[in-house]
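Visitor: Here it is: the structure, laid out below.
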Amino acid sequence: MMRNRLLMSVLILGCVDSLGAQNCDQAPTGLVPLTEMGSTRYHGFPGGLYPNASNQMPSAHASLGMALSKTLTPLDTQGKPATNGKIVLLSIGMSNTTQEFSYFERLVAMDIQHNDNLVLVDGAVGGQDASKVADPKSNYWTVVQQRLAAAGVSAGQVQAFWLKEAMANPTNAFPVHAQTLRDYLIQIAQNLQARFPNGKLCYVSSRIHAGYATTTLNPEPFAYESGFSVKWLIERQIQGDMALNPDPKKGTVKAPWLAWGPYLWADGLKARLDGLQWWCDEFASDGTHPSDAGRWKVADLLMQHFRNDPTAQAWYYGGTKQASANVILYGSPCRGKTGDPVTQVFGSPTLGNDKFGIGESNIPPSSIAVAMVSNRRNFGMLGYKCDLLVDLQSVVFFHPIVTTTQGTVHMLIPVPNHPSMLAAELYCQYLNLDPGGTYVALGGVSLSRGIHVMIGL
(Lines give C-alpha, C1' and ligand atoms only; values in the text may rest on other atoms or scores of the structure.)
Protein backbone atom coordinates (compact mmCIF):
# COMPACT_ATOMS: atom_id res chain seq x y z
CA MET A 1 0.00 0.00 0.00
CA MET A 2 2.83 2.42 0.81
CA ARG A 3 4.39 1.72 -2.60
CA ASN A 4 1.06 2.40 -4.29
CA ARG A 5 0.63 5.70 -2.48
CA LEU A 6 4.20 6.73 -3.29
CA LEU A 7 3.78 5.96 -6.99
CA MET A 8 0.48 7.84 -7.06
CA SER A 9 2.11 10.87 -5.44
CA VAL A 10 5.02 10.84 -7.88
CA LEU A 11 2.65 10.62 -10.84
CA ILE A 12 0.53 13.51 -9.61
CA LEU A 13 3.60 15.64 -8.93
CA GLY A 14 4.96 14.78 -12.36
CA CYS A 15 1.66 15.91 -13.84
CA VAL A 16 1.87 19.26 -12.08
CA ASP A 17 5.54 19.77 -12.92
CA SER A 18 4.96 19.11 -16.61
CA LEU A 19 2.38 21.84 -17.14
CA GLY A 20 4.92 24.56 -17.73
CA ALA A 21 6.53 22.57 -20.51
CA GLN A 22 3.35 22.85 -22.54
CA ASN A 23 3.55 26.65 -22.71
CA CYS A 24 -0.13 26.78 -21.84
CA ASP A 25 -0.36 28.90 -18.72
CA GLN A 26 -3.73 30.54 -19.31
CA ALA A 27 -5.60 30.73 -16.03
CA PRO A 28 -9.08 29.25 -15.75
CA THR A 29 -11.82 31.67 -16.75
CA GLY A 30 -13.66 31.42 -13.44
CA LEU A 31 -16.86 30.52 -15.28
CA VAL A 32 -19.00 27.82 -13.67
CA PRO A 33 -20.20 24.81 -15.68
CA LEU A 34 -23.97 24.83 -16.23
CA THR A 35 -24.17 21.55 -14.38
CA GLU A 36 -22.70 23.09 -11.23
CA MET A 37 -24.36 26.52 -11.08
CA GLY A 38 -27.07 25.52 -8.62
CA SER A 39 -28.91 28.61 -7.46
CA THR A 40 -26.29 31.03 -8.82
CA ARG A 41 -26.92 32.96 -12.03
CA TYR A 42 -24.87 34.10 -14.99
CA HIS A 43 -25.74 37.69 -15.86
CA GLY A 44 -29.13 37.05 -14.30
CA PHE A 45 -29.78 33.74 -16.10
CA PRO A 46 -30.07 30.42 -14.23
CA GLY A 47 -27.93 27.45 -15.12
CA GLY A 48 -28.63 23.76 -15.11
CA LEU A 49 -29.12 21.72 -18.24
CA TYR A 50 -32.91 21.82 -18.00
CA PRO A 51 -35.59 24.22 -16.69
CA ASN A 52 -35.64 25.45 -13.08
CA ALA A 53 -31.84 25.32 -12.81
CA SER A 54 -32.02 21.53 -12.79
CA ASN A 55 -29.80 18.93 -14.46
CA GLN A 56 -32.73 16.51 -14.40
CA MET A 57 -34.90 16.24 -17.49
CA PRO A 58 -38.60 16.86 -16.73
CA SER A 59 -40.45 13.56 -16.45
CA ALA A 60 -42.96 14.31 -19.22
CA HIS A 61 -40.18 15.13 -21.68
CA ALA A 62 -38.23 12.04 -20.62
CA SER A 63 -41.32 9.87 -21.12
CA LEU A 64 -41.84 11.26 -24.61
CA GLY A 65 -38.20 10.57 -25.46
CA MET A 66 -38.53 6.99 -24.23
CA ALA A 67 -41.72 6.47 -26.23
CA LEU A 68 -40.11 7.82 -29.40
CA SER A 69 -36.93 5.80 -28.86
CA LYS A 70 -38.98 2.61 -28.91
CA THR A 71 -40.18 3.46 -32.41
CA LEU A 72 -36.67 3.43 -33.84
CA THR A 73 -36.41 0.32 -35.96
CA PRO A 74 -34.33 -0.81 -38.94
CA LEU A 75 -35.64 0.82 -42.11
CA ASP A 76 -34.96 0.20 -45.79
CA THR A 77 -33.89 2.98 -48.14
CA GLN A 78 -37.54 3.89 -48.68
CA GLY A 79 -37.97 4.45 -44.96
CA LYS A 80 -40.04 1.31 -44.40
CA PRO A 81 -39.40 -1.28 -41.65
CA ALA A 82 -37.11 -4.10 -42.76
CA THR A 83 -35.27 -6.74 -40.76
CA ASN A 84 -32.09 -6.04 -42.71
CA GLY A 85 -32.65 -2.28 -42.68
CA LYS A 86 -30.61 0.41 -40.95
CA ILE A 87 -30.87 2.92 -38.13
CA VAL A 88 -28.69 5.90 -39.05
CA LEU A 89 -27.15 8.16 -36.42
CA LEU A 90 -26.13 11.35 -38.23
CA SER A 91 -23.82 14.06 -36.92
CA ILE A 92 -24.67 17.66 -37.78
CA GLY A 93 -22.33 20.58 -37.34
CA MET A 94 -18.99 22.24 -37.97
CA SER A 95 -15.28 21.34 -37.98
CA ASN A 96 -15.04 20.45 -34.29
CA THR A 97 -18.07 18.22 -34.70
CA THR A 98 -16.67 16.23 -37.62
CA GLN A 99 -13.28 15.86 -35.92
CA GLU A 100 -14.86 14.51 -32.74
CA PHE A 101 -17.52 12.35 -34.39
CA SER A 102 -14.95 10.69 -36.66
CA TYR A 103 -13.15 9.42 -33.56
CA PHE A 104 -16.46 8.31 -32.05
CA GLU A 105 -17.03 6.27 -35.20
CA ARG A 106 -13.75 4.51 -34.51
CA LEU A 107 -14.81 3.69 -30.96
CA VAL A 108 -18.15 2.30 -32.11
CA ALA A 109 -16.38 0.17 -34.71
CA MET A 110 -14.46 -1.45 -31.83
CA ASP A 111 -17.61 -1.91 -29.71
CA ILE A 112 -18.86 -5.42 -30.39
CA GLN A 113 -21.98 -4.66 -28.34
CA HIS A 114 -23.45 -2.09 -30.70
CA ASN A 115 -26.50 -2.84 -32.81
CA ASP A 116 -25.54 -4.51 -36.09
CA ASN A 117 -28.22 -2.42 -37.82
CA LEU A 118 -26.76 0.86 -36.56
CA VAL A 119 -24.89 2.98 -39.12
CA LEU A 120 -23.01 6.13 -38.19
CA VAL A 121 -22.69 8.87 -40.80
CA ASP A 122 -20.61 11.97 -40.19
CA GLY A 123 -22.62 14.82 -41.66
CA ALA A 124 -20.60 17.58 -40.00
CA VAL A 125 -18.51 19.77 -42.31
CA GLY A 126 -15.60 22.11 -41.60
CA GLY A 127 -16.32 25.80 -41.99
CA GLN A 128 -20.08 25.35 -41.66
CA ASP A 129 -21.11 27.39 -38.65
CA ALA A 130 -24.65 27.65 -37.30
CA SER A 131 -25.70 30.43 -39.65
CA LYS A 132 -24.90 28.28 -42.70
CA VAL A 133 -26.45 25.07 -41.40
CA ALA A 134 -29.59 27.00 -40.39
CA ASP A 135 -30.13 27.95 -44.05
CA PRO A 136 -32.29 25.21 -45.59
CA LYS A 137 -30.90 26.06 -49.04
CA SER A 138 -27.26 25.93 -48.00
CA ASN A 139 -24.87 23.67 -49.89
CA TYR A 140 -24.19 22.06 -46.52
CA TRP A 141 -27.25 19.88 -46.97
CA THR A 142 -26.06 18.72 -50.37
CA VAL A 143 -22.84 17.52 -48.77
CA VAL A 144 -24.82 15.69 -46.08
CA GLN A 145 -26.84 13.91 -48.76
CA GLN A 146 -23.64 12.94 -50.57
CA ARG A 147 -22.20 11.44 -47.39
CA LEU A 148 -25.35 9.43 -46.77
CA ALA A 149 -25.15 8.07 -50.30
CA ALA A 150 -21.47 7.23 -49.88
CA ALA A 151 -22.37 5.23 -46.76
CA GLY A 152 -25.00 3.30 -48.71
CA VAL A 153 -27.96 4.69 -46.75
CA SER A 154 -30.75 7.17 -47.45
CA ALA A 155 -32.36 10.15 -45.77
CA GLY A 156 -35.31 7.91 -44.95
CA GLN A 157 -33.12 5.75 -42.70
CA VAL A 158 -31.85 8.64 -40.56
CA GLN A 159 -33.52 8.36 -37.16
CA ALA A 160 -31.17 10.01 -34.64
CA PHE A 161 -28.79 12.96 -34.61
CA TRP A 162 -25.89 14.43 -32.69
CA LEU A 163 -25.93 18.20 -33.19
CA LYS A 164 -23.10 20.50 -32.17
CA GLU A 165 -22.85 24.01 -33.57
CA ALA A 166 -21.44 27.46 -32.84
CA MET A 167 -21.12 30.85 -34.52
CA ALA A 168 -17.91 31.93 -36.23
CA ASN A 169 -16.25 35.08 -34.90
CA PRO A 170 -19.04 36.20 -32.56
CA THR A 171 -18.85 39.73 -31.14
CA ASN A 172 -22.13 40.49 -29.39
CA ALA A 173 -22.19 40.48 -25.62
CA PHE A 174 -24.23 37.99 -23.65
CA PRO A 175 -27.10 37.23 -23.93
CA VAL A 176 -27.45 38.50 -27.52
CA HIS A 177 -24.88 36.11 -28.98
CA ALA A 178 -26.37 33.13 -27.16
CA GLN A 179 -29.90 34.05 -28.18
CA THR A 180 -28.84 34.37 -31.81
CA LEU A 181 -27.23 30.95 -31.69
CA ARG A 182 -30.37 29.54 -30.04
CA ASP A 183 -32.46 30.84 -32.92
CA TYR A 184 -30.11 29.26 -35.44
CA LEU A 185 -30.40 25.97 -33.56
CA ILE A 186 -34.18 26.20 -33.73
CA GLN A 187 -33.99 26.55 -37.51
CA ILE A 188 -31.50 23.67 -37.72
CA ALA A 189 -33.85 21.43 -35.74
CA GLN A 190 -36.66 22.33 -38.15
CA ASN A 191 -34.37 21.58 -41.10
CA LEU A 192 -33.70 18.13 -39.67
CA GLN A 193 -37.38 17.33 -39.48
CA ALA A 194 -38.02 18.62 -42.98
CA ARG A 195 -35.16 16.64 -44.54
CA PHE A 196 -35.31 13.50 -42.40
CA PRO A 197 -38.97 12.78 -41.59
CA ASN A 198 -38.08 9.56 -39.75
CA GLY A 199 -35.64 11.40 -37.48
CA LYS A 200 -37.01 11.10 -33.97
CA LEU A 201 -34.23 11.97 -31.50
CA CYS A 202 -31.66 14.77 -31.52
CA TYR A 203 -28.96 15.01 -28.86
CA VAL A 204 -27.35 18.44 -28.68
CA SER A 205 -23.97 19.45 -27.25
CA SER A 206 -22.36 22.83 -26.81
CA ARG A 207 -18.70 23.76 -27.21
CA ILE A 208 -15.67 22.41 -25.41
CA HIS A 209 -13.44 24.79 -23.44
CA ALA A 210 -11.86 27.64 -25.45
CA GLY A 211 -9.68 29.33 -22.86
CA TYR A 212 -6.56 28.37 -24.82
CA ALA A 213 -7.84 29.96 -28.05
CA THR A 214 -5.42 32.08 -30.05
CA THR A 215 -7.94 33.29 -32.65
CA THR A 216 -11.30 35.05 -32.64
CA LEU A 217 -13.07 32.08 -34.21
CA ASN A 218 -14.94 31.11 -31.05
CA PRO A 219 -13.01 31.98 -27.88
CA GLU A 220 -14.25 32.33 -24.33
CA PRO A 221 -16.70 33.32 -23.04
CA PHE A 222 -18.58 32.55 -26.27
CA ALA A 223 -17.80 28.82 -26.11
CA TYR A 224 -19.10 28.69 -22.55
CA GLU A 225 -22.17 30.76 -23.42
CA SER A 226 -23.11 28.39 -26.23
CA GLY A 227 -24.26 26.09 -23.44
CA PHE A 228 -27.05 28.54 -22.70
CA SER A 229 -28.06 28.45 -26.37
CA VAL A 230 -28.54 24.69 -26.19
CA LYS A 231 -30.29 24.95 -22.82
CA TRP A 232 -32.73 27.54 -24.15
CA LEU A 233 -33.35 25.53 -27.34
CA ILE A 234 -34.36 22.46 -25.37
CA GLU A 235 -36.39 24.51 -22.90
CA ARG A 236 -38.41 25.98 -25.78
CA GLN A 237 -39.48 22.48 -26.78
CA ILE A 238 -40.15 21.38 -23.22
CA GLN A 239 -42.32 24.45 -22.66
CA GLY A 240 -44.51 23.53 -25.62
CA ASP A 241 -43.32 25.78 -28.44
CA MET A 242 -45.24 24.33 -31.40
CA ALA A 243 -42.49 25.51 -33.76
CA LEU A 244 -40.44 22.69 -32.18
CA ASN A 245 -43.23 20.17 -31.65
CA PRO A 246 -41.86 16.58 -31.59
CA ASP A 247 -45.09 14.83 -30.59
CA PRO A 248 -47.42 13.67 -33.38
CA LYS A 249 -50.24 13.42 -30.83
CA LYS A 250 -50.14 17.19 -30.39
CA GLY A 251 -50.11 18.18 -34.05
CA THR A 252 -47.71 18.48 -36.96
CA VAL A 253 -44.21 17.40 -36.00
CA LYS A 254 -41.82 20.30 -36.60
CA ALA A 255 -38.62 19.00 -34.97
CA PRO A 256 -37.12 15.84 -33.52
CA TRP A 257 -37.23 15.35 -29.78
CA LEU A 258 -34.40 17.44 -28.29
CA ALA A 259 -32.23 16.64 -25.30
CA TRP A 260 -28.67 17.17 -24.13
CA GLY A 261 -25.94 14.98 -25.47
CA PRO A 262 -22.77 15.06 -23.38
CA TYR A 263 -22.13 18.48 -21.83
CA LEU A 264 -18.53 19.07 -22.87
CA TRP A 265 -17.48 22.34 -21.25
CA ALA A 266 -15.10 22.48 -18.29
CA ASP A 267 -12.94 25.39 -17.16
CA GLY A 268 -9.57 24.26 -18.44
CA LEU A 269 -7.48 22.72 -15.68
CA LYS A 270 -10.13 23.41 -13.07
CA ALA A 271 -11.80 20.03 -12.89
CA ARG A 272 -15.56 19.61 -12.87
CA LEU A 273 -17.09 17.59 -10.06
CA ASP A 274 -17.05 14.55 -12.36
CA GLY A 275 -13.33 15.08 -13.04
CA LEU A 276 -13.57 16.51 -16.55
CA GLN A 277 -10.71 18.89 -17.38
CA TRP A 278 -9.35 20.38 -20.59
CA TRP A 279 -5.58 20.46 -20.99
CA CYS A 280 -3.82 22.59 -23.56
CA ASP A 281 -2.33 19.57 -25.32
CA GLU A 282 -5.87 18.45 -26.06
CA PHE A 283 -6.18 21.31 -28.54
CA ALA A 284 -4.63 22.12 -31.88
CA SER A 285 -2.36 25.15 -32.21
CA ASP A 286 -5.34 27.52 -32.50
CA GLY A 287 -6.60 26.48 -29.07
CA THR A 288 -10.07 26.03 -30.55
CA HIS A 289 -10.08 22.74 -32.42
CA PRO A 290 -9.31 19.51 -30.55
CA SER A 291 -6.06 17.63 -31.03
CA ASP A 292 -6.05 13.84 -31.30
CA ALA A 293 -6.24 13.60 -27.51
CA GLY A 294 -9.15 16.04 -27.39
CA ARG A 295 -10.99 14.16 -30.10
CA TRP A 296 -10.60 10.89 -28.21
CA LYS A 297 -11.92 12.62 -25.09
CA VAL A 298 -15.11 13.82 -26.79
CA ALA A 299 -15.50 10.46 -28.52
CA ASP A 300 -15.30 8.74 -25.16
CA LEU A 301 -17.92 11.06 -23.69
CA LEU A 302 -20.17 10.36 -26.68
CA MET A 303 -19.70 6.65 -26.14
CA GLN A 304 -20.71 6.97 -22.50
CA HIS A 305 -23.78 8.95 -23.52
CA PHE A 306 -25.10 6.55 -26.12
CA ARG A 307 -24.33 3.49 -24.01
CA ASN A 308 -26.00 4.87 -20.89
CA ASP A 309 -28.76 7.27 -21.90
CA PRO A 310 -32.14 5.49 -21.46
CA THR A 311 -33.47 6.90 -24.74
CA ALA A 312 -30.45 5.62 -26.68
CA GLN A 313 -29.73 2.22 -25.16
CA ALA A 314 -32.46 0.26 -26.94
CA TRP A 315 -31.41 1.24 -30.47
CA TYR A 316 -27.68 1.57 -29.78
CA TYR A 317 -27.53 -1.98 -28.42
CA GLY A 318 -30.42 -3.37 -30.41
CA GLY A 319 -32.21 -4.28 -27.20
CA THR A 320 -30.37 -7.54 -26.57
CA LYS A 321 -26.72 -6.86 -25.79
CA GLN A 322 -26.65 -4.83 -22.59
CA ALA A 323 -25.15 -7.68 -20.58
CA SER A 324 -22.57 -8.73 -23.16
CA ALA A 325 -18.93 -8.80 -22.13
CA ASN A 326 -16.84 -6.30 -24.01
CA VAL A 327 -13.48 -4.54 -24.11
CA ILE A 328 -12.94 -1.16 -25.77
CA LEU A 329 -9.59 0.53 -26.23
CA TYR A 330 -9.68 4.29 -25.76
CA GLY A 331 -7.32 7.24 -25.70
CA SER A 332 -3.85 7.50 -27.20
CA PRO A 333 -0.64 5.71 -26.16
CA CYS A 334 2.42 7.60 -24.92
CA ARG A 335 5.45 6.65 -27.02
CA GLY A 336 8.45 4.81 -25.68
CA LYS A 337 11.94 4.28 -27.02
CA THR A 338 10.76 1.71 -29.57
CA GLY A 339 7.49 3.45 -30.43
CA ASP A 340 3.94 3.14 -29.14
CA PRO A 341 3.18 0.34 -26.68
CA VAL A 342 0.79 -2.14 -28.30
CA THR A 343 -2.19 -3.02 -26.10
CA GLN A 344 -3.34 -6.63 -26.04
CA VAL A 345 -6.46 -8.33 -24.69
CA PHE A 346 -6.64 -12.04 -23.91
CA GLY A 347 -10.06 -13.66 -23.87
CA SER A 348 -13.36 -12.05 -22.94
CA PRO A 349 -14.40 -10.64 -19.53
CA THR A 350 -17.28 -13.06 -19.08
CA LEU A 351 -18.52 -14.23 -15.69
CA GLY A 352 -16.37 -17.09 -14.43
CA ASN A 353 -13.56 -16.66 -16.98
CA ASP A 354 -10.36 -17.06 -14.95
CA LYS A 355 -8.21 -16.75 -18.11
CA PHE A 356 -9.16 -13.18 -19.05
CA GLY A 357 -6.17 -10.86 -19.14
CA ILE A 358 -4.65 -7.69 -20.51
CA GLY A 359 -1.13 -7.10 -21.73
CA GLU A 360 1.09 -5.09 -24.03
CA SER A 361 4.10 -5.47 -26.25
CA ASN A 362 6.74 -3.19 -27.80
CA ILE A 363 7.94 -2.10 -24.36
CA PRO A 364 11.37 -2.29 -22.66
CA PRO A 365 12.46 -5.88 -21.96
CA SER A 366 13.31 -7.02 -18.44
CA SER A 367 11.97 -3.80 -17.01
CA ILE A 368 8.97 -2.78 -14.91
CA ALA A 369 5.42 -2.23 -16.16
CA VAL A 370 2.75 -1.10 -13.72
CA ALA A 371 -0.80 -2.20 -14.38
CA MET A 372 -3.17 0.48 -13.10
CA VAL A 373 -6.77 -0.65 -12.62
CA SER A 374 -9.48 1.80 -11.57
CA ASN A 375 -13.25 1.93 -11.43
CA ARG A 376 -13.24 5.35 -13.11
CA ARG A 377 -11.58 6.71 -16.23
CA ASN A 378 -9.55 9.89 -16.22
CA PHE A 379 -9.91 12.82 -18.59
CA GLY A 380 -6.70 14.71 -17.85
CA MET A 381 -3.18 14.54 -19.23
CA LEU A 382 0.22 14.03 -17.70
CA GLY A 383 1.89 16.42 -20.12
CA TYR A 384 4.32 15.79 -22.99
CA LYS A 385 1.24 14.70 -24.96
CA CYS A 386 0.77 11.70 -22.68
CA ASP A 387 -2.66 10.61 -21.47
CA LEU A 388 -3.36 9.36 -17.98
CA LEU A 389 -6.48 7.36 -18.73
CA VAL A 390 -7.40 5.94 -15.33
CA ASP A 391 -8.48 7.89 -12.28
CA LEU A 392 -5.76 7.58 -9.64
CA GLN A 393 -8.14 8.52 -6.84
CA SER A 394 -10.37 5.55 -7.69
CA VAL A 395 -7.61 3.01 -8.32
CA VAL A 396 -8.42 -0.55 -7.31
CA PHE A 397 -4.75 -1.50 -7.36
CA PHE A 398 -1.33 -0.87 -8.84
CA HIS A 399 0.38 -4.08 -9.90
CA PRO A 400 4.08 -3.90 -10.88
CA ILE A 401 5.18 -6.65 -13.26
CA VAL A 402 8.61 -7.53 -14.67
CA THR A 403 8.45 -7.50 -18.45
CA THR A 404 9.73 -10.44 -20.47
CA THR A 405 12.99 -10.48 -22.39
CA GLN A 406 10.90 -9.96 -25.54
CA GLY A 407 9.41 -6.75 -24.17
CA THR A 408 5.92 -8.01 -23.36
CA VAL A 409 3.73 -8.25 -20.29
CA HIS A 410 0.57 -10.18 -19.49
CA MET A 411 -1.64 -9.88 -16.41
CA LEU A 412 -4.57 -12.16 -15.63
CA ILE A 413 -7.78 -10.57 -14.36
CA PRO A 414 -9.91 -13.57 -13.30
CA VAL A 415 -13.61 -12.70 -13.45
CA PRO A 416 -15.64 -14.11 -10.54
CA ASN A 417 -18.69 -16.13 -11.48
CA HIS A 418 -21.07 -14.04 -9.40
CA PRO A 419 -24.19 -12.16 -10.58
CA SER A 420 -23.10 -9.03 -8.72
CA MET A 421 -20.24 -8.68 -11.20
CA LEU A 422 -22.57 -8.50 -14.21
CA ALA A 423 -22.21 -5.15 -16.03
CA ALA A 424 -19.34 -4.07 -13.74
CA GLU A 425 -16.78 -1.83 -15.48
CA LEU A 426 -13.04 -1.38 -15.00
CA TYR A 427 -10.55 0.99 -16.60
CA CYS A 428 -6.99 -0.22 -17.05
CA GLN A 429 -3.72 1.22 -18.31
CA TYR A 430 -0.08 0.17 -18.26
CA LEU A 431 2.68 2.55 -17.19
CA ASN A 432 6.13 1.40 -18.32
CA LEU A 433 9.49 2.48 -16.98
CA ASP A 434 11.12 3.42 -20.27
CA PRO A 435 14.31 5.57 -20.42
CA GLY A 436 13.33 6.62 -23.95
CA GLY A 437 9.73 7.34 -23.04
CA THR A 438 8.03 10.55 -24.07
CA TYR A 439 7.01 11.30 -20.49
CA VAL A 440 10.26 12.18 -18.72
CA ALA A 441 9.11 11.81 -15.09
CA LEU A 442 10.44 8.79 -13.19
CA GLY A 443 13.43 8.69 -15.54
CA GLY A 444 11.26 8.15 -18.58
CA VAL A 445 7.84 6.57 -18.93
CA SER A 446 5.63 5.26 -21.72
CA LEU A 447 1.93 4.46 -21.34
CA SER A 448 -0.51 2.16 -23.09
CA ARG A 449 -3.92 3.08 -24.39
CA GLY A 450 -6.79 2.77 -21.94
CA ILE A 451 -8.63 -0.54 -21.69
CA HIS A 452 -12.32 -0.28 -20.81
CA VAL A 453 -13.49 -3.66 -19.50
CA MET A 454 -17.22 -4.44 -19.28
CA ILE A 455 -18.04 -7.67 -17.52
CA GLY A 456 -20.94 -9.63 -18.97
CA LEU A 457 -22.23 -12.96 -20.19
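Visitor: Any residue in the stretch 331-357 that's without any contact (Cβ under 8 Å) to a residue 12 or more places away in the chain: show its pairings with residues that are open to solvent by 40 Å² or more (accessible area, probe 1.4 Å) at Cβ separation under 7 Å, as long as the two are six or more apart or on different chains.
Guide: Cβ pairs passing all conditions: GLY347/LYS355.
Visitor: Right, something else. Please determine, by comparing only the residues of the stretch 29-47 that are in contact (Cβ under 8 Å) with a residue 12 or more places away in the chain and on the phi > 0 side of the Ramachandran plot, which one is surrounded by the fewest Cβ atoms within 10 Å (Cβ to Cβ).
Guide: GLY30
Visitor: Would you be able to tell me the number of residues in the stretch 230-277 that are open to solvent by less than 10 Å² (accessible area, probe 1.4 Å), assigned to a helix (DSSP H, G or I) and closer than 16 Å to LEU34 by Cβ?
Guide: 4
Visitor: Considering only the stretch 55-65, I want to know if a residue exists there that is among the aliphatic types (A, V, I, L, M), open to solvent by 70 Å² or more (accessible area, probe 1.4 Å), under 30 Å from GLN187 (Cβ atoms) and at pLDDT 95 or above.
Guide: Scanning the stretch 55-65 turns up at least one residue that is among the aliphatic types (A, V, I, L, M), open to solvent by 70 Å² or more (accessible area, probe 1.4 Å), under 30 Å from GLN187 (Cβ atoms) and at pLDDT 95 or above.
Visitor: Give the residues of the stretch 193-211 that are of a type in the set (Lys, Arg) and open to solvent by less than 10 Å² (accessible area, probe 1.4 Å), sorted by residue number.
Guide: The answer is ARG207, and nothing else.
Visitor: In the stretch 96-115, which residues are closer than 20 Å to LEU181 by Cβ and either surrounded by fewer than 20 Cβ atoms within 10 Å (Cβ to Cβ) or in contact with an Asp or Glu (Cβ under 9 Å, 6 or more places away or on another chain) (or both)?
Guide: The answer is THR97, THR98, PHE101.
Visitor: Give the stretch 116-137 a look and list any residue that's in a loop (DSSP other than H, G, I, E, B) and either of a type outside the set (Gly, Ala, Ser) or open to solvent by 20 Å² or more (accessible area, probe 1.4 Å) (or both), or say none. Show your work before the answer.
Guide: Looking only at the stretch 116-137, we keep the residues that are in a loop (DSSP other than H, G, I, E, B), and these are 116-117, 123-129, 134-137.
Those that are in a loop (DSSP other than H, G, I, E, B) and either of a type outside the set (Gly, Ala, Ser) or open to solvent by 20 Å² or more (accessible area, probe 1.4 Å) (or both): ASP116, ASN117, VAL125, GLY126, GLY127, GLN128, ASP129, ASP135, PRO136, LYS137.
Visitor: May I pose another question? Of the residues VAL158, VAL144, VAL204, VAL133, only one is farther than 24 Å from PRO290 by Cα and of a type in the set (A, V, I, L, M); which?
Guide: Numbers: VAL144 fails: farther than 24 Å from PRO290 by Cα; VAL204 fails: farther than 24 Å from PRO290 by Cα; VAL133 fails: farther than 24 Å from PRO290 by Cα.
The unique qualifying residue is VAL158.
Visitor: Follow-up question, since we're still on this one. Test each condition in (1) assigned to a loop (DSSP other than H, G, I, E, B); (2) closer than 17 Å to LEU302 by Cα; (3) basic (Lys, Arg) for ARG106 and report the one that comes out false.
Guide: (1)
Visitor: When you check THR180 against the structure, is it at pLDDT 95 or above and open to solvent by 30 Å² or more (accessible area, probe 1.4 Å), yes or no?
Guide: When the stated conditions are applied, THR180 passes them.
Visitor: Please find, within the stretch 278-334, the residue that is nearest to GLU425 (Cα to Cα) out of those that are open to solvent by less than 20 Å² (accessible area, probe 1.4 Å) and of a type in the set (Gly, Ala, Ser).
Guide: Here the answer is ALA325.
Visitor: Can you confirm whether ALA284 is within 19 Å of the chain's Cα centre (by Cα), under 30 Å from THR73 (Cβ atoms) and among the aliphatic types (A, V, I, L, M)? Please lay out each step first, then the result.
Guide: Numbers: within 19 Å of the chain's Cα centre (by Cα): yes; under 30 Å from THR73 (Cβ atoms): no; among the aliphatic types (A, V, I, L, M): yes.
Considered against the rule, which asks whether it is within 19 Å of the chain's Cα centre (by Cα), under 30 Å from THR73 (Cβ atoms) and among the aliphatic types (A, V, I, L, M), ALA284 comes out as no.
The values are calculated or read from the model by the stated rules, or taken from the named source; none is laboratory data. Keep in mind it's a predicted model, so treat the numbers as computed, not measured. Neighbour counts run over all protein chains shown; Cβ positions are idealised from the backbone, glycine included. Keep in mind that these areas ignore ligands, DNA and RNA; they rest on the heavy atoms of the full protein, side chains included. Shrake-Rupley method; radii C 1.70, N 1.55, O 1.52, S 1.80 Å.
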